[in-house]
Amino acid sequence: MNKILLTAMLAPAALLPGIAGAQSAPAPTTVEPLVPAAGTVLDVSAEGRTSRVPDLATIRAGVVSQGATAAAALSDNAARMQRVLAAVKRAGVADRDIQTATVQLQPQYRYGENVPPVITGYQATNTLSIRFRDIAKSGSVLDALVAQGANQIDGPNLSLDNPDAALDEARADAVKRARARAELYAKAAGLRVVRIVSITENGENAGGPVRPVMLRAMAAEVAAPTSIAPGERDVTVNVSVRFLLG
């Protein structure tokens, strides 16, 4: 989307002293008319974009356990999570890419009509946030986690590990698009683009993360191997460019 604003540049008013009159009367002043400067200002907003294949997948894998008591639910959950964590590390995921995201312990209730709710047990949840730097292997790692007791998987969030180069490409594309649009308007107005007066960056989108897709699996239900397709992400930058036309 491009926004265009075309305005004429005006020089500041010049104040010139008038001819001195009688001593009893103040000296009159005259104001020179506003004189257009030798140019016209054109403001253009443009979006530049480029595409990249995501190289980073962030997935949340967790264990949900039930128990008759809070201690039993939490103990069972901790034991299963230890097996899941060990499987993550065996898969070669570095410690810096593993982070505890959620630890919860909640009572479970049975509700009846006109009676107070009754606690029937407890549910413990422990969730890891895992960054996969090799997206092609992330599916097989998830299968291994489910085999070790993970029964809750959310994701993936696909993004770029280092988006700087892609953002710079998008910036260059945005300025190129703005310049082309300025040339079009200048030609239509019988003018030419003299120079760029200013460039303002209004925002950027580094290509991620996307909104997570919810995936849930039980170990007994896993048959075919899990696969994750990274696809492509658009990296965009929005700029406003002011041109001087002459």
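None of the figures in this text is laboratory data; all of them are computed from the coordinates on show. Nothing here was measured: the structure is a model prediction, and the numbers come from that model. Here the Cβ is made from the backbone with ideal geometry for all residues, glycine too, and neighbour counts use every protein chain on show.
When you count the other C-beta atoms within 10 angstrom of each residue and take the mean per peptide, 102-114, 43-55 line up highest first as 43-55, 102-114.
Expressed in Å, the radius of gyration and Dmax of the Cα atoms of segment 56-159 are 16.1, 55.
Scanning residues 5 or more positions from S51 or on other chains, those with amide H under 5 Å from its amide H are V235, with H placed 1.01 Å from N in the peptide plane.
What is the local net charge at A144, summed over the other residues whose Cβ is closer than 13 Å to its Cβ (Lys, Arg +1; Asp, Glu -1)?
+3
Net charge of the neighbourhood of R171, taken over other residues with C-beta under 15 Å away and scored Lys/Arg +1, Asp/Glu -1, is -3. Taken one residue at a time, the phi angles of segment 100-107 give Karplus couplings (6.51, -1.76, 1.60, θ = phi - 60°) of 5, 9, 8, 10, 9, 9, 9, x Hz. Gly and Pro are set to x.
Starting from the Cα-Cα distance between Q82 and N162, subtract it from 0.36 nm times their residue separation and give me the gain in nm to one decimal. Spell out each step's value before the answer.
Values: separation 80, 0.36 × 80 = 28.80 nm, distance 3.14 nm.
The Q82-N162 span can extend by a further 25.7 nm.
Each label point was placed 7 Å from the Cα along the Cα-to-Cβ direction; for V118 and R96 their separation is 5.4 nm.
With charges set only on the Cβ (+1 for Lys and Arg, -1 for Asp and Glu), what does the dipole of segment 56-159 come to about its Cα centre, in debye to the nearest 20? Let's see the in-between values first.
Values: 10 positive and 7 negative charges, 62 e Å.
In debye, rounded to 20, segment 56-159 gives about 300.
Under a 5 Å amide H cut-off, with hydrogens placed 1.01 Å from N, A150 pairs with nothing among residues at least 5 apart or on other chains. Charge tally for G207 (other residues, Cβ to Cβ under 11 Å; Lys, Arg +1; Asp, Glu -1): -2. Our coupling estimate for segment 120-128, obtained by passing each phi through the Karplus curve with A = 6.51, B = -1.76, C = 1.60 and θ = phi - 60°, is 9, x, 9, 10, 10, 10, 9, 10, 9 Hz, Gly and Pro reported as x.
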